[in-house]
């Protein structure tokens, strides 16, 4: 009996349940580290499926894991479920229609990410039960990917070291392997404290915290000329000191995200930003509190695991879409600008680009309803992910599955709309079966894990993991 195929078919049969779970998390749309309803629902589902659940994983209230099986190998499947602020949107609509003005929404598709990973873990549990093979599967509920970096905090606690491999996926507008690496990052909140005064009557007694924030921002602008070309610095003023211009603002806060190629580079650049904050405080005679929020490492790619995932992507039929779904995707696509060919390979390999031209009708199709050619190269993304921290402690690989129209902008209301639609459901269930199949292969074929471990050792030999999270830091919720 082909127990892998049977487990994948079992996931498909229960597709309505897993889609309902995705839609429920979509409705909750809870922000990073505040995903209490989402975490509670997953914990309830894990217990009902017979997993041994660990709550408050790593001391984080919304982090948890569900384990089944015994012995080696131990395969982890990563799930996320946090949303983003300001992205409330009705599902399946092609115009911007917030359900709650200024409310939250799953603009990165983490409702689908978590649901597919959970479904895959359930399928792997069935595979282990039916096949009788030894091994353990662990579903990890990882909160705060958008701000909080729970995986990095868990890496500091050594959680990922117990795994022989970790598998992950992400909703996207393509079906392809995610490879290469990315920037590491840190997030730090600077809360400046001054002295209030009447801005006209006695300004000489005031010390403006807002002036300090503005001067810090100006200082960082001058820093940009003198940092590495791949580095990035972003900021958001989270407290402007109130709405009264005739008051010298006694408080003001700015949140900074600093990115560079690896953790040592990022920490060095972060120190320069810290010194600019000190200078701004000196210039304005104010004080400031520095609060570390989170940090993530660059990603270590693992081609043997990527190849395992890709083989399972090839083996499964891709979702098919109805005329109504094509019309919806086309209408949604008209609401944003989309240019260029899809996929990493098309960006780096001329031969792949030629193939993709035909597949995508030269980049004009509303849905990239095909499997992109396998590309395993040295792609670099200036963005960041806490999956990187996992990849420094165990072999890890990930892929994307089509859940959004072609070229859909990240963190957008368009993604929220589609993530609550049948297109999102189809991509989510396909991703679940890919994850399940790849995990089954890792349990069945020790040679894959051996190759993955050898690749991991080779790529991490020159430098070990530098955790971006300080020993005394705790997950911080930005209000």
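Ranked highest first by average number of other Cβ atoms within 10 Å, how do 190-199, 135-144 line up?
My ranking of the peptides, most packed first, is 135-144, 190-199.
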task: Using a/c under 1.5 as the rounded threshold, could you call the stretch 324-418 rounded, prolate or oblate? The axes a ≥ b ≥ c are square roots of the C-alpha gyration tensor eigenvalues, and prolate needs a/b larger than b/c, oblate otherwise.
output: oblate
task: With a ≥ b ≥ c taken as the square roots of the eigenvalues of the C-alpha gyration tensor of the stretch 1-114, please select rounded if a/c is under 1.5 and otherwise prolate if a/b is larger than b/c or oblate if it is not?
output: oblate
query: Taking only DSSP H segments of four or more residues, each worth -39500 (n - 2.57), what value at 222 nm results for the chain once the sum is divided by all its residues, to the nearest 500 deg cm²/dmol?
result: -12500 deg cm²/dmol
message: Based on alpha-carbon atoms only, what is the radius of gyration of the stretch 100-170 relative to the globular estimate 2.2 N^0.38 Å?
response: 1.37
query: What order, most packed first, do the peptides 296-304, 231-239 have when packing is the mean number of other Cβ atoms within 10 Å of each residue?
result: 296-304, 231-239
- line: Nearest-0.05 FRET efficiency for residue 315 and residue 246 at R0 = 60 Å, using Cβ-Cβ distance, is 0.30
task: Send over the semi-axes of the stretch 184-296's equivalent ellipsoid, whole angstrom and largest first, taken as the square roots of 5 times the C-alpha gyration tensor eigenvalues.
output: 29, 12, 11
message: Compute the angle between helix 446-459 and the longest alpha-carbon principal axis of the chain, please, reported from 0 to 90 degrees and rounded to the nearest 10.
response: 30
message: I want to make sure I understand the PRE zone here: with the label point 7 angstrom from the Cα of residue 130 toward its beta carbon, which residues in the stretch 69-109 have backbone N atoms less than 18 Å away?
response: 69
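Relative to the compact-globule scaling 2.2 N^0.38 Å, provide the ratio for the alpha-carbon radius of gyration of the chain.
1.01
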field: Residue order, fewest to most surrounding Cβ atoms within 10 angstrom, among 51, 370
entry: 370, 51
field: Shape of the stretch 126-261, Cα gyration tensor, a/c cut at 1.5
entry: prolate
message: What distance in nm lies between label points placed 7 Å from Cα along the C-beta direction at residue 445 and residue 463?
response: 3.4
Segment residue 13-residue 1, extension gain: residue separation times 0.36 nm, minus the distance between their alpha carbons: 2.5 nm
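Coordinate-derived values only; no laboratory data. The structure presented is a predicted model; accordingly, all values stated were derived computationally and were not measured. Backbone-built Cβ (ideal geometry, glycine too); neighbour counts: all protein chains shown.
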